[in-house]
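Next up is a structure, given as structure tokens.
Each reported figure results from applying straightforward, stated rules to the coordinates on display, with no laboratory input. Everything quoted here is computed from the prediction, not taken from an experiment. Here the Cβ is made from the backbone with ideal geometry for all residues, glycine too, and neighbour counts use every protein chain on show.
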Amino acid sequence: MDKNTIAIDKERLPEHVAVIMDGNGRWAQARGLERSAGHVEGVNTVRRITEAASELGLGYLTLYTFSTENWNRPQAEVDALMELIVIAIERETPDLIKNNVRLTSIGDLERMPATARERLERCMADTSHCTGLTLVLALSYSSRWEILRAARTLAAEAAAGKIAPGEIDEATFASYLSTAGIPDPDLLIRTGGDLRVSNYLLYQIAYSELIFTPTYWPDYSKEDFRVHIAEYQRRQRRFGLTGEQVSGADTQSAETAHE
């Protein structure tokens with residue numbers, strides 16, 4: 001496909017795209033550089049893809065920025081990542097405001113160094129008035145941590161008589177997750193060539209479309225992103241129905257729209 005002639009239907013955009021930004025370290029090692037150089041270059045890709053998502057008019061973009069498992073990496077790399085993340089966020093905040101992008105985060109922020117957390121919270125406050133794209137950073141995040149926390153909270157409330165176990169449905173449970181108020185991802189993209197979801201939004205991606213690309217995150221371009229949005233639009237999302245049922249519903253919706 002010619003990336004310069006990508007046709008995207010603005011009426012069928014995914015509302016929420018989630019990304020696993022993988023391959024920074026391998027990108028650097030392939031060039032004889034320190035792993036930290038890959039993380040620095042990865043920040044430039046974050047800027048590009050945030051711009052692309054905003055230009056398309058997406059509602060939400062969630063980036064897997066730092067997992068709870070990443071705390072087990074060498075301390076020097078963890079420290080460098082924490083510093084880089086906060087510096088990058090502070091540097092990008094003026095442009096986020098200029099482009100009407102609201103910044104928020106999900107994850108166990110209590111594990112972050114206090115100064116880093118405070119600087120992050122300040123940046124989120126500075127963009128809280130923006131009404132365009134919502135950029136969600138998954139920081140110190142893992143899906144199992146999130147689900148376990150929600151289960152514990154619900155169990156404690158049930159034990160205290162605040163909620164009856166029989167009243168807990170999918171909507172109730174989802175409201176106790178870090179992503180409460182955020183729609184489930186329509187599309188999950190993973191760069192870097194690995195074919196797994198790595199403890200990321202496990203509850204929320206139950207019916208997400210998945211795209212895996214061998215491209216390392218620092219090399220991932222706006223054109224790559226647009227190609228993947230176009231690929232998403234070529235798929236039929238059935239949610240357990242048959243293809244005929246979905247096609248019939250789409251036809252009925254189109255007819256109703258023209259009445």
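Quick one: in the stretch 194-214, which of the residues that are farther than 28 Å from Arg149 by Cβ and surrounded by 16 or more Cβ atoms within 10 Å (Cβ to Cβ) is farthest from the chain's Cα centre (by Cα)?
Thr213
Follow-up. Working only within the stretch 40-97, note down all residues that are hydrophobic (A, V, I, L, M, F, W, C), assigned to a strand (DSSP E or B) and within 21 Å of Lys222 (Cβ to Cβ).
Leu61, Leu63, listed by residue number.
Filter the stretch 184-194 for residues that are in a loop (DSSP other than H, G, I, E, B) and either closer than 14 Å to Thr215 by Cβ or of a type in the set (Gly, Ala, Ser) (or both) and give the result.
Within the stretch 184-194, Thr191, Gly192, Gly193, Asp194 meet the criteria.
Right, next: Condition first: buried (at least 21 other Cβ atoms within 10 Å of the Cβ) and among the β-branched types (Val, Ile, Thr). Now tell me which residues in the stretch 17-42 satisfy that.
Correct list: Val17, Val19, Ile20.
Shifting gears a bit: Which residues, counting only those in the stretch 45-59, are surrounded by fewer than 17 Cβ atoms within 10 Å (Cβ to Cβ) and either hydrophobic (A, V, I, L, M, F, W, C) or within 14 Å of Phe225 (Cβ to Cβ) (or both)?
Passing the criteria: Arg47, Arg48, Glu51, Glu55, Gly57.
Find the residue count for the stretch 138-162, including only residues that are crowded, with 16+ Cβ neighbours inside 10 Å, touching a helix residue (DSSP H, G or I) at 6+ places or on another chain (Cβ under 8 Å) and not polar (S, T, N, Q).
5
Also: Pick from the stretch 163-183 the residues that are closer than 30 Å to Val227 by Cβ and touching a helix residue (DSSP H, G or I) at 6+ places or on another chain (Cβ under 9 Å): which of them is surrounded by the fewest Cβ atoms within 10 Å (Cβ to Cβ)?
The extreme case among them is Ser178.
Of all the residues that make up the stretch 184-193, how many are surrounded by fewer than 16 Cβ atoms within 10 Å (Cβ to Cβ) and among the charged types (D, E, K, R)?
Result for the stretch 184-193: 0.
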